[in-house]
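Notes follow once the structure below has been shown.
The values are calculated or read from the model by the stated rules, or taken from the named source; none is laboratory data. Everything numeric here is computed off the predicted structure, so don't read it as measured data. Using ideal geometry, Cβ is built from the backbone for each residue, glycine included, and neighbour counts are taken over all protein chains shown. These accessible areas exclude ligands, DNA and RNA; they are computed on the full protein's heavy atoms, side chains included. Shrake-Rupley method; radii C 1.70, N 1.55, O 1.52, S 1.80 Å.
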Amino acid sequence: PAAEGSLSGTRESLAPGPDAAAADELSSLGSDSEANGFAERRIDKFGFIVGSQGAEGALEEVPLEVLRQRESKWLDMLNNWDKWMAKKHKKIRLRCQKGIPPSLRGRAWQYLSGGKVKLQQNPGKFDELDMSPGDPKWLDVIERDLHRQFPFHEMFVSRGGHGQQDLFRVLKAYTLYRPEEGYCQAQAPIAAVLLMHMPAEQAFWCLVQICEKYLPGYYSEKLEAIQLDGEILFSLLQKVSPVAHKHLSRQKIDPLLYMTEWFMCAFARTLPWSSVLRVWDMFFCEGVKVIFRVGLVLLKHALGSPEKLKACQGQYETIEQLRSLSPKIMQEAFLVQEVVELPVTERQIEREHLIQLRRWQETRGELQCCSPPRLHGAKAIMEAEPGPRPTLQPSPSIRLPPDAPLPGSKGKPKPPKQIQKEKEQWKQAKASGQLDKPPTSGQAKVAAAAGDACPPQNVLLKDPAPQDSAPQDSACHHSQDSVHHHSQESLTSQESEDTY
């Protein structure tokens, strides 16, 4: 970590090495670096200043055509995520093992971790936490840790720059979201890695998922969960590499001395950056078993043979060997292949967890930290917290005007104005005593079916007037014109509604 104060003292350590010229071919100038006096240095494709520790390690270059094909496949998965998770989860796992395309990595991590669902379920929550003042006890500790997180990355190289500001916002919001847990220093590198790939709000919810679903209890005050996992790792090592297990037992080296930073930071401060990203791709998909597998692979290849143990005669030498691991075993292609092939399953981890928990209770009593159960990967998280599903609404293929009759009903519908007018005429005729008796239901149906304003022919009048064809025809024609007029009006309104 950089010393307290100005970053100017770190520039002497950035002198270009013998391979700096070759590395420069894959890099570009970083705007933040230029703004902070690093314009003469170049930035690699991950955002690290070339020649710094984060930029070390041989890169596994993916051909451009293969990368474009992977991007297309991942876009299809992300656009149909629920279907893929439900029916083709194995395919997602295989593609995570091959590596998520850099352009889609941040979005994929949000989907895999369930951070996107959390954000949808809590709209405005991060803004609310962000605007709150926070606990001064945690704010001081967080501020002191900001400059220690990836000081040679262009996002965090500047004191008070946008990267450090977002990191402060995310960590402060978590202390307000989980005040009983507060802040742990190992959360800072986790949040910093997330901020390299997504905005602050999305990074916050991914951090919440890591702390509550993937690694519950890791960042509690007593660190009981990490101690339990240390015992689980040591027990699994006996099956994976008996030589390394025997050596560590003989030297009486507690697992916490070498695995705490590995597990709590998810190897973000241990491995070369290209290996970190590949490990995180698999970690978000498959859960904590990937972290266990990486730890077991490193122990196996660092201490798993008599030749390698010749330089580890004592406890100090052994710990130094684990702190300065060989670049070969941390190289991206080698490490990922070993992790994928190592036969350590979720069931084995859970079985060992129960065994170690029982031993803990027998020797130390009950756990003080009551953390939620650990979920092994994206599928388990999705089943525990399914995303919001839109309700299905009926979408009829045939649209009718509001006053149209239902299918199967007889007769042509009348406009409401015409119906009201006929009712008024009928009331007036009945009140004046012109009708001998009300029409039968059959006659009313005939009149309604005909849609004609003329009175039925078989209705008897009290004082029948001489039949004059001209007035009757005139009345009927007038009625027909009225019907025709209303029909046109109805048609026009229907057409305008369909057009709308």
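Once you sort the root eigenvalues of the Cα gyration tensor of the stretch 224-370 as a ≥ b ≥ c, which label holds: rounded (a/c under 1.5), prolate (a/b larger than b/c) or oblate (the other case)?
Numbers: a/c = 1.70, a/b = 1.15, b/c = 1.48.
Taking the square roots of the gyration eigenvalues as a ≥ b ≥ c, the stretch 224-370 is oblate.
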Residues whose built amide H sits under 5 Å from the amide H of Ile43, excluding neighbours closer than 5 in sequence, are Ser28, Leu29, Gly30, Val50
Surface per residue (accessible, 1.4 Å probe) for the stretch 200-312, Å²: 28 Å²
Evaluate the distance, in nm, between pseudo-label points positioned 7 Å from the Cα of Asp130 and of Val62 along their respective Cα→Cβ axes. 3.0 nm
Keeping all protein chains in the complex and leaving out DNA, RNA and ligands, what accessible area do you get for His197 with a 1.4 Å probe, in Å² to the nearest 10? 50 Å²
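Return the FRET efficiency for the residue pair Gln361, Ile319: r is the Cβ-Cβ distance, R0 is 30 Å, and the value is rounded to the nearest 0.05. Intermediate results must be reported in sequence, preceding the final value.
Details: r = 29 Å, r/R0 = 0.98.
The computed FRET efficiency comes out at 0.55.
Run the numbers for Arg347 and Leu139: contour at 0.36 nm per residue of separation, minus the present Cα-Cα distance, in nm.
Extra length from Arg347 to Leu139 when fully extended: 70.9 nm.
Can you send over the carbon and sulfur percentage of the accessible area for the stretch 98-214, probe radius 1.4 Å, protein chains only?
Working: 2160 of 4280 Å².
Here it works out to 51 percent.
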Amide N proximity, the stretch 268-311 versus Ala333 label position 7 Å along Cα-to-Cβ, cut-off under 18 Å: 272-279
